[in-house]
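The values are calculated or read from the model by the stated rules, or taken from the named source; none is laboratory data. No experiment lies behind these values; they were computed from the predicted model shown. Methodologically, a virtual Cβ is constructed for each residue, glycine included, from the backbone with ideal geometry; neighbour enumeration extends over all protein chains shown. Calculation scope for accessible area: heavy atoms of the full protein, side chains included, ligands and nucleic acids excluded. Shrake-Rupley method; radii C 1.70, N 1.55, O 1.52, S 1.80 Å.
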Amino acid sequence: MNKKRVVERWFNDIFTKGDVTALKEITAPNFVSHVPNHDFNGHDEFINDFMNWFRTVFTDDIWSIEDYLELEDKVTVRYTGHMTYKGGWEDIPSSDQRVKETGIMIIRFENSLIKEMWCEMSDLDVMNQLKQ
């Protein structure tokens, strides 16, 4: 199994293209995504509670992997995303601002699928970009 290819699909297919079918192909049905102050459990919760919101609030995404480290069943990536803000986050009005997010993910694989991930992202910096 090529873990790097799976991670590339996470950023290219799911986030850049918004292909939630790809999410179901590369993650375990009961995968868990840990983000600050919340866990998303399983495909449906991640798609319904996060992806649907994210894809309406941010558009025209371009994501890139800056660093990639792999050890046994885990992968760590440092990533950058550029996107256009369309409104709908914390009552911050939109003027179609282009913003940049950075972050680090630790991804655990099980049976060739993403089973669990932890993500620390620059939400505060994105929010500050939107308030300028």
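Within the stretch 58-71, being surrounded by fewer than 16 Cβ atoms within 10 Å (Cβ to Cβ) and not acidic (Asp, Glu) holds for Thr59, Ile62, Ser64, Tyr68, Leu69, Leu71. If you go through the stretch 90-132 and keep only what is hydroxyl-bearing (Ser, Thr, Tyr) and within 13 Å of the chain's Cα centre (by Cα), you end up with Thr102, Ser122. Restricted to the stretch 77-114, and to residues there that are closer than 21 Å to Asn52 by Cα and among the charged types (D, E, K, R), the residue that is most open to solvent (accessible area, probe 1.4 Å) is Asp91. The set of residues in the stretch 28-44 that are surrounded by 17 or more Cβ atoms within 10 Å (Cβ to Cβ), under 24 Å from Met83 (Cα atoms) and at pLDDT 95 or above comprises Ser33, Phe40. List the residue pairs whose Cβ atoms are under 9 Å apart, where the first residue sits in the stretch 90-101 and is closer than 9 Å to Leu130 by Cβ, the second is at pLDDT below 90, and the two are 6 or more positions apart or on different chains. Short answer, once both residue conditions are applied: Ile92/Lys131; Gln97/Gln132.
Determine whether Lys24 is more than 15 Å from Cys119 (Cβ to Cβ), open to solvent by 90 Å² or more (accessible area, probe 1.4 Å), modelled with pLDDT under 95 and under 13 Å from the mean Cα position of the chain (by Cα). No, not satisfied. When the test is whether a residue is open to solvent by 70 Å² or more (accessible area, probe 1.4 Å) and either in contact (Cβ under 8 Å) with a residue 40 or more places away in the chain or within 18 Å of Asn2 (Cα to Cα) (or both), Lys74 passes it. Here the condition is being under 21 Å from Met127 (Cβ atoms), among the hydroxyl-bearing types (Ser, Thr, Tyr) and out of contact with any Ser or Thr (no Cβ under 6 Å at 6 or more places or on another chain); of Thr56, Thr102, Thr16, Thr84, it holds for Thr56 alone. Each residue in the stretch 45-57 was checked for being open to solvent by less than 30 Å² (accessible area, probe 1.4 Å) and either at pLDDT 95 or above or of a type in the set (Val, Ile, Thr) (or both), and 2 pass.
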